[in-house]
Amino acid sequence: MNDGQVASALQCGRHRLDISYPRVMGILNVTPDSFSDGGQHVAIDDALRHAERMLAEGAAIIDVGGESTRPGAVEVSSQQELDRVAPVVERLVRELDALVSVDTSAPEVMREAAALGAGMLNDVRGLRREGALGAAALSGLPVCVMHMAGEPETMQRAPGYEQPVEEVVAAFLEARIRACEAAGLRRERLILDPGFGFGKSVEHNLRLLNRMAGLTDLGLPILAGMSRKSMIGKVLERPVEERLPGSLALAALAVERGARILRVHDVGPSVDAVNMTWAVMEEGFTP
Ligand code: 7PJ
């Protein structure tokens, strides 16, 4: 049972993450389309510099992803994912002492991430892959469990829901909490994510954000990721490089509706937006 109160901190390996106020997670993509032209070593150096900047701007977590889960993306093998992610995780931990989250659905990648010193796992498939529940349970790390309808390759073709989307998402997350507990992953280690843009139309996304506060009834921290997503592009008719104002508006609203971790590309501006929102909600918070 829980009393509806969200924990004020998460033990993330060696790091203790204070979530008594909303925190920002900076996105670090290490997919080939995000690699620079100079080969893998240059790419890793670039990734590290980018992470360093995000930490300086106030990111509490660096989310490293080696599998593109953008709409239409095809699956990669877990070996490919490991080859991309492992060297970056290793250096982020050793050189920057960063709290690293690894965005993966692959049990092998989860195990290796934990061994390399990552502090959090982030699975857009909600630990539904064969072996993922067990690997996540054994890691001892907090895990973000996200709702996704379908698979990235096909999920945006014609998203449809028989019930209101917020009810489908809440029921899915409740079922995943039970599956995690059955696998020995205690609910105190879970973070919930409604999965904006994953098998959802723009109308679904807007409705889901508007009603997201309902998810706080489950008593677990909520992570929201809407940074630069197509819902902003569709509403404002902006290309991806012009979505910062829209992203900040959505981050502020997500905080107001209960999010404690915001997954973003533009860390500095997001930290300000989130802190300002929290200052209003708490009438006096100073970062
Ligand atoms: C999310 C994610 C999200 C979590 C991506 C993109 C697509 N992980 N990974 N939540 N989105 N937890 O950033 O546009 O919303 S990849």
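The values are calculated or read from the model by the stated rules, or taken from the named source; none is laboratory data. What you are looking at is a predicted structure, and each value in this text was computed from that prediction instead of being measured. FYI the Cβ positions are ideal-geometry reconstructions off the backbone, even for glycines, and counts take in every protein chain you see. The area values use the complete protein model at the heavy-atom level, side chains included, leaving out ligands, DNA and RNA. Shrake-Rupley method; radii C 1.70, N 1.55, O 1.52, S 1.80 Å.
Using Cβ point charges alone (K and R +1, D and E -1), the dipole size of the range 1-144 about the Cα centre works out to roughly 340 debye.
If you place +1 on the Cβ of every Lys and Arg, -1 on the Cβ of every Asp and Glu, and leave all else neutral, what size is the dipole of the range 191-287 about its Cα centre, to the nearest 20 Debye? Write out the running numbers ahead of the final one.
Numbers: 11 positive and 11 negative charges, 77 e Å.
Dipole size: approximately 360 debye.
In the chain, a dipole from Cβ-located charges (positive for Lys and Arg, negative for Asp and Glu) runs towards its positive end, and of VAL93, PRO164, GLY150 it is PRO164 whose Cα lies farthest in that direction.
Could you please report the charge total around ARG176, scoring K, R as +1 and D, E as -1 over all other residues with beta-carbon less than 14 angstrom from its beta-carbon? Before the final figure, lay out the partial values.
Values: positive: ARG125, ARG128, ARG129, ARG178, ARG186, ARG187, ARG189; negative: ASP123, GLU174, GLU181, ASP193.
Summing Lys/Arg as +1 and Asp/Glu as -1 gives +3.
Go through the range 202-287 and name the trypsin sites (Lys or Arg not before Pro) that are in a DSSP coil and have 13 or fewer other Cβ atoms within 10 Å of their Cβ. Don't jump to the answer; show the numbers that get you there.
Details: sites: ARG207, ARG211, ARG228, LYS229, LYS234, ARG243, ARG257, ARG260, ARG263; in loops: ARG211, ARG228, LYS229, ARG243, ARG257.
Here no trypsin sites (Lys or Arg not before Pro) fit, given the DSSP loop and packing criteria.
Plugging the Kirkwood radius over Cα pairs into Stokes-Einstein for the range 54-194, at a temperature of 25 °C and a viscosity of 0.890 mPa s, what D comes out in µm²/s? In µm²/s, the coefficient is 156.
Available extension along the chain between ARG186 and SER8 is 62.4 nm, counting 0.36 nm per residue and deducting the alpha carbon span. Counting Cα-Cα pairs of the range 92-134 in 10 Å increments starting at 0 gives whole-percent bin shares of 32, 50, 17, 2. On the principal axes of its alpha carbon atoms, the range 165-287 extends 44, 36, 21 Å, with the longest extent given first. When the range 177-280 is described by a simple charge dipole with +1 on each Lys and Arg Cβ and -1 on each Asp and Glu Cβ, the residue from LEU223, GLY233, ALA249 located farthest towards its positive end is LEU223.
The Cα atoms of the chain cover 45, 42, 42 Å along the three principal axes, with the biggest extent listed first. A protection proxy built from the mean count of other Cβ atoms within 10 Å ranks the segments 67-74, 198-205, most packed first, as 198-205, 67-74.
Show that you can apply the helix-only estimate: for the chain, add -39,500 (n - 2.57) for every DSSP H stretch of four or more residues, divide by all residues, and state [θ] at 222 nm to the nearest 500. Mind dumping the intermediate values first?
Working: 9 runs with 116 residues, N = 287.
The helix contribution divided over the chain gives -13000 deg cm²/dmol.
Sorted largest first, the principal axis extents computed over the alpha-carbon atoms of the range 153-236 equal 42, 23, 21 Å. Largest mean-square fluctuation among GLN163, GLN11, GLN80, in a Gaussian network model of the chain whose springs join Cα atoms under 10 Å apart, belongs to GLN163. For CYS12, the residues whose amide H sits under 5 Å from its own are LEU17, ignoring neighbours fewer than 5 places away on the same chain, with H placed 1.01 Å from N. Of GLU108, GLU241, GLU130, the residue with the greatest mean-square motion in the GNM of the chain, using alpha carbon springs below 10 Å, is GLU241. Classified by the C-alpha gyration tensor, the range 29-120 has an oblate form. Its axis ratio a/c, with a ≥ b ≥ c, is 1.5 or above, and a/b does not exceed b/c.
Between HIS41, HIS50, HIS15, the Gaussian network model of the chain with springs among Cα atoms under 10 angstrom shows the greatest mean-square fluctuation at HIS41.
Around the Cα centre of the chain, unit charges on the Cβ atoms of Lys, Arg, Asp and Glu (plus for the first two, minus for the last two) sum to a dipole of about 400 debye. Roughly what % of DSSP beta bridges within the chain run antiparallel, to the nearest 5? Roughly 15 percent of the DSSP beta bridges within the chain come out antiparallel.
What helices does the chain hold that run 20 Å or longer along their axis, going by alpha-carbon atoms, with a Kyte-Doolittle average of -1.0 or more, using DSSP H for the helix calls? Write out the running numbers ahead of the final one.
Values: long enough: 40-56 (24 Å, -0.24); 78-96 (25 Å, -0.36); 165-182 (26 Å, 0.68); 267-282 (22 Å, 0.58).
For the chain, where a helix must reach 20 Å along its axis and average at least -1.0, the hits are 40-56, 78-96, 165-182, 267-282.
A crude spin-label estimate for the pair GLU162 and GLU283, with each label 7 Å from Cα along the Cβ direction, gives 4.7 nm. Approximating the spin labels as points 7 Å out from Cα along Cα→Cβ, the ASP46-to-GLU153 distance works out to 2.8 nm. Each part reduced to its alpha carbon centroid, the range 264-287 and the range 52-72 end up 19 Å apart.
The mean accessible area for residues of the chain, using a 1.4 Å probe and ignoring ligands and nucleic acids, is 45 Å² per residue.
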